[in-house]
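Structure provided below as C-alpha cells; questions to follow.
The values are calculated or read from the model by the stated rules, or taken from the named source; none is laboratory data. It should be emphasised that the depicted structure is a prediction, and the values quoted were computed from it without experimental measurement. Methodologically, a virtual Cβ is constructed for each residue, glycine included, from the backbone with ideal geometry; neighbour enumeration extends over all protein chains shown. Each accessible area value is taken on the protein alone, full model and side chains, heavy atoms only, with ligands, DNA and RNA left out. Shrake-Rupley method; radii C 1.70, N 1.55, O 1.52, S 1.80 Å.
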Amino acid sequence: MNKIRCALTVALAIVAAAFEASAQSAAKPVFEVAAVKPGNPASRISGIVDAQGGQLIAENVSLHDLIVWAYDLKRFQLSNSSTWEGSKSMNSARFSIAAKAEESASKAQMRLMLRSLLTERFKLALRVDMKEQTIYQLMVNGTPKMKATPAGKTGGFSGKPDAIGVFRFAASRMTMAVLAGFLSSQLEAIVEDRTGLTEGYDFEFEAPDAGNFAPALPQIGLKLEPRKGPVPFYVVEGAEPPSEN
C-alpha cells in the first residue's frame, strides 16, 4: 500500500510539474525570429513603426520606449532605480528590432513577446510598486458636441494660437481612447475612457494652455471625474546591452 501511495505521489508531482511548465510556457510567448541591432543615428525614423500581421518593427528606440510599449505603460509609470549603475549609458542608447511571430498574433500577444525578448536579450530586471493615485475617468457631460467622422475622411489633429494667444484645436476621426491617451500624458495620470463612444469623431475646442486640454472638455460635451485607486509604477533595476542575434 505504501508503495502504491508513493508511486501515486510521484505521478501527481510529475503531472503538476508538467502543468506548471506548460503554464509558464503559455504565459511567456516568444517571437519566432528576432534581430536586435544598434539604432541608426542618421535616421529620422524613431518609434514602433509596425506592430501588426505578426511583425514588430522598432527603429531607433530607447530601452525605456521598448518597456513602455511592451508593458502598455504611460511614460510617468516608468523610472530607473537609483542603484542601477548602467542606467545612464543604457538610457542614451538606441536600438532597432525586427521580430516575426505568427501572422495571426495580436498586438497584445506581441507585447508579451517583447517582454520575453527584453528579459532574455537585455537581461531586463523590473520591480513593480503599487501606489494609491488619482485616476481620471473620461465621461460624457450632457450631450456630446462631436460629429462622427464621415466615411473616407482622413484623421488628424492640429492646433495653433490665435492673435490673443488662445489655442484653437481641430480633431478628425479621433477616438475617445486616443483623446484619453493625450490627457493622460498631459496630466501624468491614468485616464480611463468611460464615454461609451466607440467611433472616430470630428470636433473643435479652444484652450488657453496647449499643454492641458482638460479645462476645455465641456466644450465638446465631456468631463473628467477623479477617483482614487492603485496604479502600478515600474522601476528598472538592471539591464545590459543586448546579446548577439
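Just the accessible area per residue of the range 137-200, please: how many Å² with a 1.4 Å probe?
Details: 3730 Å² over 64 residues.
Result: 58 Å² per residue.
Another question, then. Give me the number: length gained by fully extending K123 to A170, i.e. 0.36 nm times residue separation minus the C-alpha to C-alpha distance, one decimal in nm.
On the way: separation 47, 0.36 × 47 = 16.92 nm, distance 4.37 nm.
Gain on extension, K123 to A170, equals 12.6 nm.
Taking the dipole about the Cα centre of the range 202-243, with the C-beta of Lys and Arg at +1 and of Asp and Glu at -1, give me whichever of P215, P242, V231 is farthest to the positive side.
V231
Summing +1 for each Lys or Arg and -1 for each Asp or Glu, what net charge is found among the other residues whose Cβ lies under 14 Å from the Cβ of L78? Walk me through the intermediate numbers first.
Numbers: positive: K74, R75, R115, R127, K131; negative: D65, D72, D129, E188, E237.
Surrounding charge for L78 is 0.
Going by accessible area, probe 1.4 Å, with all protein chains left in place, what is the ranking of I57, I220, largest first? Don't jump to the answer; show the numbers that get you there.
Working: I57 35, I220 5 Å².
Solvent-accessible surface, decreasing: I57, I220.
If I take every Cα pair under 8 Å that is 6 or more residues apart in the chain, average their sequence separation and divide by the length, what percent do I get for the relative contact order? Numbers along the way, then the final one.
Values: 449 pairs, mean separation 60.9, N = 245.
Relative contact order of the chain: 25 percent.
With the cut-off at 21 Å, report for the range 66-140 the share of all Cα pairs above it, as a whole percent.
Values: 1115 of 2775 pairs.
More than 21 Å apart: 40 percent of the Cα pairs in the range 66-140.
Between L179, L112, L63, which gets the highest mean-square fluctuation from a Gaussian network model of the chain, Cα cutoff 10 Å?
Highest fluctuation of the listed residues: L179.
Apply 1/(1 + (r/R0)^6) to the Cβ-Cβ distance of E225 and M130, taking R0 = 35 Å, and write down the FRET efficiency to the nearest 0.05. Kindly include the intermediate steps, with their values, before the conclusion.
On the way: r = 22 Å, r/R0 = 0.62.
The computed FRET efficiency comes out at 0.95.
Counting only residues 5 or more places away or on other chains, whose amide H sits under 5 Å from the amide H of N40 once H atoms are built in the peptide plane?
N60
Roughly how compact is the chain, stated as its Cα Rg over 2.2 N^0.38 Å to two decimals? Intermediate results must be reported in sequence, preceding the final value.
Values: Rg = 23.1 Å, N = 245, 2.2 N^0.38 = 17.8 Å.
The value comes to 1.30.
Please identify the DSSP H helices in the chain that span no less than 15 Å along the helix axis (Cα) and have a mean Kyte-Doolittle hydropathy of -0.5 or more. Walk me through the numbers before you get to the answer.
On the way: long enough: 2-27 (37 Å, 1.04); 107-121 (20 Å, -0.34); 176-187 (16 Å, 1.53).
Span-like helices here: 2-27, 107-121, 176-187.
Related question: With each run of n ≥ 4 DSSP H residues scored as -39500 (n - 2.57), what mean residue ellipticity at 222 nm is computed for the chain after dividing by its residue count and rounding to the nearest 500 deg cm²/dmol?
Working: 5 runs with 67 residues, N = 245.
-8500 deg cm²/dmol, from helical runs alone.
Given a 10 angstrom Cα cut-off, can you work out which residue in F76, F167, F31 is the most mobile in a GNM of the chain?
Per the Cα network of the chain with a 10 Å cutoff, F167 tops the list.
Cα-based Rg of the range 123-245 per 2.2 N^0.38 Å, rounded to two decimals? Show your work: numbers first, answer last.
Numbers: Rg = 18.2 Å, N = 123, 2.2 N^0.38 = 13.7 Å.
This ratio for the range 123-245 stands at 1.33.
Then there is this: At a probe size of 1.4 Å, how large is the accessible area of K160, to the nearest 10 Å²?
Result for K160: roughly 150 Å² accessible.
Could I ask something else about it? Compute the normalised compactness of the range 40-109: alpha-carbon radius of gyration over 2.2 N^0.38 Å, N being the residue count.
Values: Rg = 13.6 Å, N = 70, 2.2 N^0.38 = 11.1 Å.
Against the compact-globule rule of thumb, the ratio is 1.23.
Relative to the Cα centre, what is the charge dipole magnitude of the range 98-196, using +1 at the beta carbon of each Lys and Arg, -1 at the beta carbon of each Asp and Glu, and rounding to the nearest 20 debye? Write down the numbers at each step before the final one.
Details: 15 positive and 9 negative charges, 56 e Å.
The calculated dipole for the range 98-196 is roughly 260 debye.
Just add up the charged neighbours of L138: K/R +1, D/E -1, any other residue whose Cβ is under 9 Å from the Cβ of L138. Could you put the intermediate results ahead of the total?
On the way: positive: R194, K223; negative: E192, D193, E225.
Counting the neighbours of L138, the net charge comes to -1.
Using a Gaussian network for the chain with springs between C-alpha atoms less than 10 Å apart, which of these wobbles most: E204, E103, E120?
Sorting by GNM fluctuation, first place goes to E103.
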